[in-house]
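Peer 1: Have a look at this one before I ask anything.
The values are calculated or read from the model by the stated rules, or taken from the named source; none is laboratory data. These numbers come from a predicted model, not from an experiment. All Cβ positions, glycine included, derive from the backbone under ideal geometry; neighbour counts span all protein chains shown.
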C-alpha cells in the first residue's frame, strides 16, 4: 500500500468538511478557555472519523485528546482554536485546527500499517494564557515521540524563529486628592505608570536587537480633576532564549520598582498566564517536512534566512523543550495583511487559506509516515529530562 497516496485520498474525502469547519470557526470565534462550541465541533468530527476521544482532557474543560492506533510510538498533532478579542481568528487558528484534523485522519491507515499511535490534541488558550503549558504540567506530552502543528502566515517557513515571552500585569497604588485644590496631598499613580513606561523605553537601548518589550496603560485614572490613586499596565517581555528572557524580565521588574519609589506609590506585579519559551525545531522533521511540502508544490524557506527580529511567541515553544517538535508557517497569500489584523482573519477563509489546510495536513502526515516507514524515531532530537 502506498501510504502517502492513501493519506492524500483520506484528506480528499474530508477536505470540504475541513474547509467548512475552518469557515465556521471564522464566523464563530471563541477566546481563550471559552472555546466550548469550537472544541465540541472538532470533537464531533474526530469521533465521526473513527477516533476515540477524551473530552474534556488533561484537566482542561475545552481540551480534547483524540486517539487512534494501538501500539508503538505516539505522535501528537496539536490543534489550536482560540480566537483573539475584537479581531477574531486574526491568527488563523481556524486553519491550524482544520489542518490538525486533516493530518490525524490522513494517518489512520499508516498508524495501523507501520505501528504507531496518533493523537490529535486540542490545545486551548494559546493566545493569552499558554494552555499547552498546563497540558505539559498535566502529562499530555509524557512519552510522546514527537509533536507538530502548522500555522498560517504571510510566508512559507519550515523552521521559524519564535521568542520566549513573559506576560506581566502591574498595578500602582497611590492616594487620590483634588488635582487643583490639594495636589500636594495626593500620591499620583499615573505618574508611576508614566515613569515605568519611560524607564522601559530607556531600557530598550541596552537590549539585544531581537528582544522586545511592549506594553499599554489599561487604566490611567477616572477624571482629570482627581489625582489617580490607581493605575494598571499590561506588558509583554520577549527574548530569544530562556536565560535572556529571565534576565530581561528582572530588568523590567526593576523599572516598575523604580517608578513606584520615585513617585511614592506602592506596586503589585501579577504574572498573566504562563511564560512561553523559545521554539526549537527538530532537524529531522524540518528536513522531511520541507521535502514533503516541496513535493506538494509549496517550497519552504528557512528561518535563518529571515529577519530574526520579526518573530512572535507561542506556547508550542514550551512543547519543543519536552518533545521533538516542528511548527512550520504556511503562506496564505495575505500580504500586505499580517497576523493579528482583521484583514489577515479575512484571508484565512479565502482559497489560499483553504489550500493551506490541505497542504499543511498532508505535509505533516507525510513527515510522520517517512519517520515511521524508515524507523527513524531514534534520529529525533534527544531531549534531556
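Peer 1: Condition first: in contact (Cβ under 8 Å) with a residue 24 or more places away in the chain and part of a helix (DSSP H, G or I). Now tell me which residues in segment 305-346 satisfy that.
Peer 2: Selection gives 316, 317, 318, 319, 320, 342, 344, 345.
Peer 1: Next question. Just give me the residues in segment 274-301 being surrounded by fewer than 22 Cβ atoms within 10 Å (Cβ to Cβ), modelled with pLDDT under 95 and either out of contact with any helix residue (DSSP H, G or I) (no Cβ under 8 Å at 6 or more places or on another chain) or not in a loop (DSSP other than H, G, I, E, B) (or both), in sequence order.
Peer 2: 301
Peer 1: Sort out which residues of segment 340-358 are within 18 Å of residue 292 (Cα to Cα) and surrounded by fewer than 24 Cβ atoms within 10 Å (Cβ to Cβ), and write them in order of number.
Peer 2: Answer for segment 340-358, where residues must be within 18 Å of residue 292 (Cα to Cα) and surrounded by fewer than 24 Cβ atoms within 10 Å (Cβ to Cβ): 355, 358.
Peer 1: Please determine whether any residue of segment 344-351 is closer than 30 Å to residue 5 by Cβ and under 18 Å from the mean Cα position of the chain (by Cα).
Peer 2: Within segment 344-351 (the criterion being closer than 30 Å to residue 5 by Cβ and under 18 Å from the mean Cα position of the chain (by Cα)), the answer is yes, since at least one residue qualifies.
Peer 1: A further question follows. Checking the condition under 25 Å from residue 377 (Cα atoms) and assigned by TED's automatic domain parsing to the domain that holds residue 323, which residue from 41, 10 passes?
Peer 2: The conditions single out 10.
Peer 1: If you don't mind, there's one more thing I want to ask. Only one of these is within 18 Å of residue 20 (Cα to Cα), modelled with pLDDT of 95 or more and surrounded by fewer than 24 Cβ atoms within 10 Å (Cβ to Cβ): 88, 102, 115. Name it.
Peer 2: Step by step, each of 88, 102, 115 is checked, and only 88 is within 18 Å of residue 20 (Cα to Cα), modelled with pLDDT of 95 or more and surrounded by fewer than 24 Cβ atoms within 10 Å (Cβ to Cβ).
Peer 1: Looking only at segment 318-339, count every residue that is buried (at least 17 other Cβ atoms within 10 Å of the Cβ), under 21 Å from residue 290 (Cα atoms) and more than 17 Å from the chain's Cα centre (by Cα) and tell me the total.
Peer 2: Qualifying residue count for the region: 1.
Peer 1: If I ask for residues that are part of a loop (DSSP other than H, G, I, E, B) and in contact with a helix residue (DSSP H, G or I) (Cβ under 9 Å, 6 or more places away or on another chain), which ones from segment 147-175 would you list?
Peer 2: Those that are part of a loop (DSSP other than H, G, I, E, B) and in contact with a helix residue (DSSP H, G or I) (Cβ under 9 Å, 6 or more places away or on another chain): 149, 150, 154, 156, 158, 159, 160, 161, 162, 163, 174.
Peer 1: Also, I was wondering about something else. Restricting the search to segment 227-258, which residues are without any contact (Cβ under 8 Å) to a residue 12 or more places away in the chain and under 25 Å from the mean Cα position of the chain (by Cα)?
Peer 2: Those that are without any contact (Cβ under 8 Å) to a residue 12 or more places away in the chain and under 25 Å from the mean Cα position of the chain (by Cα): 243, 246, 247, 250.
Peer 1: Return a yes/no flag: does segment 58-76 have any residue that is within 17 Å of the chain's Cα centre (by Cα), modelled with pLDDT of 95 or more, under 30 Å from residue 295 (Cα atoms) and buried (at least 18 other Cβ atoms within 10 Å of the Cβ).
Peer 2: yes
This table checks each residue for (1) outside any helix (DSSP H, G or I); (2) farther than 13 Å from residue 64 by Cα; (3) touching a strand residue (DSSP E or B) at 6+ places or on another chain (Cβ under 8 Å).
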site: 103; (1), (2), (3): no, yes, yes
site: 109; (1), (2), (3): no, yes, no
site: 112; (1), (2), (3): no, yes, no
site: 120; (1), (2), (3): yes, no, yes
site: 127; (1), (2), (3): yes, yes, yes
site: 132; (1), (2), (3): no, no, yes
site: 135; (1), (2), (3): no, no, yes
site: 145; (1), (2), (3): yes, yes, yes
